[in-house]
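The values are calculated or read from the model by the stated rules, or taken from the named source; none is laboratory data. Owing to the predicted nature of the structure, the values given are computational and were not obtained by experimental measurement. Here the Cβ positions follow ideal geometry from the backbone for every residue, glycine too, while neighbour counts run over all protein chains shown. Heads up: the accessible areas ignore ligands, DNA and RNA and are worked out on the full protein's heavy atoms, side chains in. Shrake-Rupley method; radii C 1.70, N 1.55, O 1.52, S 1.80 Å.
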Amino acid sequence: MSAAIDTSAFADWLGSNDLGQLADLEAVAGGQSNPTFFVRAGGKAYVLRKKPDGPILKGAHAVDREYRVLSALSETNVPVPRPVAYCQDPSVLGTEFYLMERLEGRVFHDASLPGIEPDERRAIYLSMAETLARLHAVRPGEVGLGDYGRPTGYFERQYRRWLSQWEAAEGMDIPDLDRLTDRLGAHLPDDDGQVAIVHGDYRIGNLIYHHSEPRVVGILDWELSTLGHPLADLGFCCMPWRTTPEEYGGIRGLGSEVDGILSREDFVAHYIRHAHSDTPLQPVHEAFALFRFAVIFVGIAERARQGNAAGAEAEKLAPLAGRFAARGLELIA
């Protein structure tokens, strides 16, 4: 069992919630966000998600929001793990946490999908686009999420949120991120009234696919979700086409090595058809996504410096903030 959390206290909590006896607890490696563990208890498999220990940025790592959105979407046709229980008492594991069912399937951390046949690669990306459209089709008010975020001014609010996190970072000098921040501030997308549940980190590494079919069976990692503009999620989805394999596993420049994967244009068109939208994705939407991810890497670097990052490779990821900012600058004049 993992020594990262108090297994005795967790076992007591499981018992008090009628979830059976703790049989196994294993830390999931590789995550840079909320610490995650595989759990076996009472003959069932679960996933535990908790806030990181130590100081964190205000509003970050909101596991309560993850639990709420999973609870709402589990009643829709959007594929999500079933939430099981939530604990807001930090005396149990040091921070808030929740438990959800563990879905069986495949997770592709490499956007190039090595070892997958071209036809299946194509189908995997088609399902990714269709599933995002399905999420955006959910009416927030009808599933109890009408107050999950402000319905207007998404890009302005998000810009100010991520700008404040960048300005609060200590000891980091990234000129390209400063330049991208300035350009975005002058070219933010207009608020056209579209409102959807946005995931905020929708990418192939946060999806679980059926073990033998190219079909999404679960969307993971909802900590950045809120109400907002659907094209923010779509722009975020397009980052693999804009970044190289060295830039957090992008597919830019791979050519025939990614035979079968849709072009960025075809991926966007497939989403638009399934979303029944007539609003085009613009370069500023993609630049905005790259800006957000750049600041996320800044946060990872900050947690690594403070010694409470969730991923062992966190410190190595810090330079990606500048790389992603540079990619954003390519898209916005």
Strands (runs of 3 or more DSSP E) fully within the stretch 1-98 counting 1 or more residues that are among the β-branched types (V, I, T) and either touching a helix residue (DSSP H, G or I) at 6+ places or on another chain (Cβ under 9 Å) or at pLDDT below 95 (or both): 36-41
Return the residue satisfying two criteria in turn: it lies in the stretch 278-305 and is surrounded by fewer than 17 Cβ atoms within 10 Å (Cβ to Cβ) and in contact with a helix residue (DSSP H, G or I) (Cβ under 7 Å, 6 or more places away or on another chain), and of such residues it is farthest from D173 (Cα to Cα). T279
Which ones in the stretch 121-138 are open to solvent by 20 Å² or more (accessible area, probe 1.4 Å), more than 18 Å from Q194 (Cα to Cα) and under 20 Å from the mean Cα position of the chain (by Cα)? L126, E130
D110 versus (1) closer than 30 Å to D278 by Cβ; (2) not in a helix (DSSP H, G or I): which is the lone unmet condition? (1)
Among the residues of the stretch 139-146, is any more than 22 Å from the chain's Cα centre (by Cα) and closer than 26 Å to G299 by Cα? no
Name the single residue, out of those in the stretch 227-261 being buried (at least 22 other Cβ atoms within 10 Å of the Cβ) and in contact with a Gly (Cβ under 6 Å, 6 or more places away or on another chain), that is nearest to R121 (Cα to Cα). P240
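Rundown of residues vs (1) of a type outside the set (A, V, I, L, M, F, W, C); (2) out of contact with any helix residue (DSSP H, G or I) (no Cβ under 8 Å at 6 or more places or on another chain), yes/no style:
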{"residue": "E167", "(1), (2)": "yes, yes"}
{"residue": "G171", "(1), (2)": "yes, no"}
{"residue": "T181", "(1), (2)": "yes, no"}
{"residue": "L227", "(1), (2)": "no, no"}
{"residue": "F236", "(1), (2)": "no, no"}
Tell me which residues, restricted to the stretch 66-120, are over 20 Å from the mean Cα position of the chain (by Cα), open to solvent by 20 Å² or more (accessible area, probe 1.4 Å) and among the aliphatic types (A, V, I, L, M). V84, V92, I116
So I219, is it under 28 Å from L163 (Cα atoms) and surrounded by 23 or more Cβ atoms within 10 Å (Cβ to Cβ): yes
Which pairs turn up if I take residues in the stretch 162-186 that are touching a residue at least 40 places away in the same chain (Cβ under 8 Å) and look for partners that are open to solvent by 40 Å² or more (accessible area, probe 1.4 Å) and of a type in the set (A, V, I, L, M) with beta carbon separation below 9 Å, at least 6 apart in sequence or on another chain? Q165/L57; W166/M172; A168/L57; R183/A333
Which residue is most open to solvent (accessible area, probe 1.4 Å), if the candidates are limited to the stretch 201-216 and must be in contact with a helix residue (DSSP H, G or I) (Cβ under 8 Å, 6 or more places away or on another chain) and of a type outside the set (D, E, K, R)? P214
